[in-house]
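Some notes on the structure that comes next.
The values are calculated or read from the model by the stated rules, or taken from the named source; none is laboratory data. Since the structure is predicted, the reported quantities are computational estimates derived from the model, not experimental observations. Positions of Cβ are backbone-derived with ideal geometry, glycine not excepted, and every protein chain shown enters the neighbour counts.
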Amino acid sequence: MILVAGPYRSGTGDDPARLAANVRAMNEAALALFRAGHLPVTGEALALPLLETAGSTGPDDPLFEELFHPVAERLLDRCDAVLRIGGPSRGADRMVARARAQGKDVHTDLAELVDAGGHTEAHGSAGTPVGGRR
């Protein structure tokens, strides 16, 4: 299971169209990972519906602080690795630092996980195979 971490709010000015574009970029990476045999996840896929259900009014309200990053952190604890995509993002960088602290693999290039044939072999930090797909 691989967490796709990228910018959500960074550089958007909280413009809904730009936020949606950032989510789409993460979902596109997740789709490529899925097609390569991985189980991709994004924090946004879990957090955004919870925020809507909780009645969040936007990224600056207390519900956003309560749920958005904590959901991703709990999800990361269950993941095997992280794929960091996109540009600057304190939240995504926070997920990368947390993953490294937990000894998880961190990738910054989708091609590291997906080859031209859509297959991949997972490797640990020492470069040794760790049992196939994540």
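Quick one: count up the residues across the stretch 32-44 that are in contact (Cβ under 8 Å) with a residue 12 or more places away in the chain and either surrounded by fewer than 20 Cβ atoms within 10 Å (Cβ to Cβ) or among the aromatic types (Phe, Trp, Tyr) (or both).
Total satisfying the criteria: 5.
So Ala72 fits all but one of (1) touching a residue at least 40 places away in the same chain (Cβ under 8 Å); (2) surrounded by fewer than 16 Cβ atoms within 10 Å (Cβ to Cβ); (3) not in a loop (DSSP other than H, G, I, E, B); what number is the exception?
Of (1) touching a residue at least 40 places away in the same chain (Cβ under 8 Å); (2) surrounded by fewer than 16 Cβ atoms within 10 Å (Cβ to Cβ); (3) not in a loop (DSSP other than H, G, I, E, B), only one is false for Ala72: (2).
Does Leu51 qualify as being over 17 Å from Gly87 (Cβ atoms) and either surrounded by 21 or more Cβ atoms within 10 Å (Cβ to Cβ) or in contact with a helix residue (DSSP H, G or I) (Cβ under 7 Å, 6 or more places away or on another chain) (or both)? Don't jump to the end; show me each part of the working.
On the way: over 17 Å from Gly87 (Cβ atoms): yes; either surrounded by 21 or more Cβ atoms within 10 Å (Cβ to Cβ) or in contact with a helix residue (DSSP H, G or I) (Cβ under 7 Å, 6 or more places away or on another chain) (or both): yes.
When the stated conditions are applied, Leu51 passes them.
Kindly establish whether Arg98 is in contact with an Asp or Glu (Cβ under 7 Å, 6 or more places away or on another chain) and surrounded by fewer than 20 Cβ atoms within 10 Å (Cβ to Cβ). Before you say what the answer is, go through the steps one by one.
On the way: in contact with an Asp or Glu (Cβ under 7 Å, 6 or more places away or on another chain): yes; surrounded by fewer than 20 Cβ atoms within 10 Å (Cβ to Cβ): yes.
Yes: the conditions hold for Arg98.
Within the stretch 75-105, restricting attention to residues that are in contact with a His (Cβ under 9 Å, 6 or more places away or on another chain) and assigned to a helix (DSSP H, G or I), which residue is nearest to Tyr8 (Cα to Cα)?
Of everything passing the filter in the stretch 75-105, Gly91 is nearest to Tyr8 (Cα to Cα).
Return the residue satisfying two criteria in turn: it lies in the stretch 106-124 and is at pLDDT 95 or above and assigned to a helix (DSSP H, G or I), and of such residues it is farthest from the chain's Cα centre (by Cα).
Among them, the one singled out is Ala111.
In this structure, does Gly37 turn out to be small (Gly, Ala, Ser) and within 20 Å of Asp14 (Cβ to Cβ)? Explain how you work it out, then say what you get.
Working: small (Gly, Ala, Ser): yes; within 20 Å of Asp14 (Cβ to Cβ): no.
For Gly37, the condition - small (Gly, Ala, Ser) and within 20 Å of Asp14 (Cβ to Cβ) - is not met.
What are the residues in the stretch 1-31 that are surrounded by fewer than 18 Cβ atoms within 10 Å (Cβ to Cβ), of a type in the set (Gly, Ala, Ser) and assigned to a helix (DSSP H, G or I), if any?
Of everything in the stretch 1-31, those that are surrounded by fewer than 18 Cβ atoms within 10 Å (Cβ to Cβ), of a type in the set (Gly, Ala, Ser) and assigned to a helix (DSSP H, G or I) turn out to be Ala17, Ala20, Ala21, Ala25.
Please pick out the residue among Ala72, Ala47, Ala81 that is modelled with pLDDT of 95 or more and touching a Phe, Trp or Tyr at 6+ places or on another chain (Cβ under 9 Å).
Exactly one residue qualifies, and that residue is Ala47.
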